[in-house]
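The values are calculated or read from the model by the stated rules, or taken from the named source; none is laboratory data. A quick note: this is a predicted structure, and the numbers were derived from the prediction, not measured. Here the Cβ positions follow ideal geometry from the backbone for every residue, glycine too, while neighbour counts run over all protein chains shown.
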Amino acid sequence: MSEILVGIDLGSTKIAALAGRIEGERIEILGFSLVPSQGIKYGNIVDIVGASNSIAEAMKRIEKMIGTKLEQKVIVGIGNEQIMITPSKGMVIMKNRDQEINSQDVERAIEAAKIIPLPPNREIIYIIKREFHVDGQNNIENPIGLVGTRLEADILLVSYDNSQLKNIKNAFERANLEVEGFVPKEIAASEAVLSSQEKKLGVALVDIGGDLTTLAIYQDGYVLSTGVLRLGGEKITRDLAVGLRIKTEEAEKVKKTIGTLKKDKEEVLEVISLQEKKIKISSSQVREFLQPRVEEILEFIEKKLRDLNYPLELIPGGLVVTGGTSLLDGFVEFASDYLKIPVRRGFPIELLKYLPEKDAYFYSVAIGILLRVKEDKLNLKEKHPVIKSLREKIKKIFKPFKEMYI
Ligand SMILES: Nc1ncnc2c1ncn2[C@@H]1O[C@H](COP(=O)(O)OP(=O)(O)OP(=O)(O)O)[C@@H](O)[C@H]1O
Ligand SMILES: [Mg+2]
């Protein structure tokens, strides 16, 4: 059972967990679960007992589905404004000129890049490999097997506040689970829903969740920047509850059933008011509250891109939206008209044979975690064109790394 990996997305409204087995390029999904999350607000743990109970419940459901107890190690998707991304470079010199670069050299170059001063109370949680340079030659995706004297790693260091990390680890510990690694949510979601073509051309991934909207901008295959906005579907529900004077549960129902950004759509729903009276709410009433919030999210995206000198009109791939709030009726069309760029809904295609399409939107981060781990494992293997005769030799070198995630 040791090769089963579990990825968990700690969302503000739900916990999505996925168990999968990685076999070379393939991931076989073995189990999945979605449970409401307790004790998580804006991506932070605010109630450790509540959070660990929901984590335990998500794991219990997966184990029931698979019919066996799982290894107690998990990889967790996290992210809010605590995420800090710092570019860095590290260089190593090969011992002799004709020596082929191996995985240990790559690791040494990455380790060298990690030695940079970070603000206090920060811990490196993840590394994004951008490219390598061998003797000054750029754009090398994987240098393993190449010959050269100087190897440089160009990476992005992702760091996080260490007390928040401790809280997250403690919540898992209370559920008898050990956190083996973290993946930033926006990177995971991008992995799950963006195509490599889009990442090369230029695209922005937008995950609109409950408390947060997260953004990741890609160009030339690499992530350029990420961003977080403290606004998501929960605020929309609260606006509706306050504005229409109805209970939160009723507001949630109203949002999901008659909430729409389409101007020509008009439906009516009967709900119970705060005064316990039956009242009728129409789609246009709901839109009065919905639309300004959606516009706020879209303006945040526009501003973030402008700050990066990468305005919307220069993004050929446009926006790819995911997360629960992207399911708002008419969202895709509205966003595309408002920003005047192409917008599509992105979901993890890998999951479609297991889940109904609507549910798949809630698993973008969880599947992205498994995909990232798979990629990282493959990058340490023979993904890059390696001369065939060297393969066996290289396999031996990689052996110790095989255990990295297992
Ligand atoms: N059909 C729907 N129409 C509109 N909103 C929806 C729909 N389904 C879910 N939502 C909203 O999506 C939000 C939850 O989305 P999601 O599960 O992606 O968030 P999360 O990952 O828990 O939170 P976060 O990423 O902000 O920490 C809730 O606010 C919910 O009301
Ligand atoms: Mg989320």
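Return yes or no: is L339 surrounded by 23 or more Cβ atoms within 10 Å (Cβ to Cβ) and not small (G, A, S)?
No: the conditions fail for L339.
Checking the conditions here, which among E276, E266 is more than 13 Å from ligand 1 (Cβ to nearest atom), modelled with pLDDT under 95 and assigned to a loop (DSSP other than H, G, I, E, B)?
The match here is E276.
Hey, any hits in the range 6-15 for a residue that's more than 14 Å from ligand 1 (Cβ to nearest atom) and either within 17 Å of the chain's Cα centre (by Cα) or surrounded by fewer than 19 Cβ atoms within 10 Å (Cβ to Cβ) (or both)?
Checked the range 6-15: at least one residue is more than 14 Å from ligand 1 (Cβ to nearest atom) and either within 17 Å of the chain's Cα centre (by Cα) or surrounded by fewer than 19 Cβ atoms within 10 Å (Cβ to Cβ) (or both).
Looking only at the range 162-193, count every residue that is closer than 13 Å to I125 by Cα and in contact with a strand residue (DSSP E or B) (Cβ under 7 Å, 6 or more places away or on another chain) and tell me the total.
So the count comes out to 13.
Just to verify a result, which residue in the range 198-255, among those that are of a type in the set (S, T, Y), within 17 Å of the chain's Cα centre (by Cα) and within 14 Å of ligand 1 (Cβ to nearest atom), is farthest from K280 (Cα to Cα)?
The extreme case among them is T226.
Being loosely packed, with under 14 Cβ neighbours inside 10 Å and in contact (Cβ under 8 Å) with a residue 12 or more places away in the chain narrows it down to one residue among R97, R61, R108, R122; which is it?
Sole residue among the options that is loosely packed, with under 14 Cβ neighbours inside 10 Å and in contact (Cβ under 8 Å) with a residue 12 or more places away in the chain: R97.
Could you check how many residues of the range 173-203 are surrounded by fewer than 19 Cβ atoms within 10 Å (Cβ to Cβ) and within 18 Å of L319 (Cβ to Cβ)?
Matching residues across the range 173-203 total 6.
Considering only residues that are part of a strand (DSSP E or B) and out of contact with any Lys or Arg (no Cβ under 8 Å at 6 or more places or on another chain), look in the range 224-240 and name the one that is surrounded by the fewest Cβ atoms within 10 Å (Cβ to Cβ).
L224
Scan (1) closer than 19 Å to G209 by Cα; (2) in contact (Cβ under 8 Å) with a residue 40 or more places away in the chain; (3) touching a Ser or Thr at 6+ places or on another chain (Cβ under 8 Å); (4) among the aliphatic types (A, V, I, L, M) for the single condition V294 breaks and write down its number.
It fails just one condition, (3).
Considering each of I297, I369, I301 in turn, give the residue that is under 23 Å from S12 (Cα atoms) and within 15 Å of the chain's Cα centre (by Cα).
I369
Identify, by number, the condition in (1) in contact (Cβ under 8 Å) with a residue 40 or more places away in the chain; (2) within 15 Å of ligand 1 (Cβ to nearest atom); (3) crowded, with 20+ Cβ neighbours inside 10 Å that S33 doesn't meet.
Only one criterion is unmet by S33, namely (1).
With the requirement that a residue be closer than 16 Å to L328 by Cβ and acidic (D, E), what does the range 267-294 give you?
Correct list: E267, E288.
With the requirement that a residue be within 16 Å of ligand 1 (Cβ to nearest atom) and among the aromatic types (F, W, Y), what does the range 295-341 give you?
F300, F331, F334
Quick one: how many residues across the range 36-47 are surrounded by fewer than 19 Cβ atoms within 10 Å (Cβ to Cβ), within 13 Å of ligand 2 (Cβ to nearest atom) and not in a strand (DSSP E or B)?
Number satisfying all stated conditions: 1.
So if I check each of I27, I15, which one is away from ligand 2 (no atom under 16 Å from the Cβ), part of a strand (DSSP E or B) and under 21 Å from L355 (Cβ atoms)?
Result: I27 is the single residue among I27, I15 that is away from ligand 2 (no atom under 16 Å from the Cβ), part of a strand (DSSP E or B) and under 21 Å from L355 (Cβ atoms).
Considering only residues that are surrounded by fewer than 16 Cβ atoms within 10 Å (Cβ to Cβ) and either in contact with a Gly (Cβ under 9 Å, 6 or more places away or on another chain) or under 20 Å from Y338 (Cα atoms) (or both), which ones fall in the range 268-284?
S284
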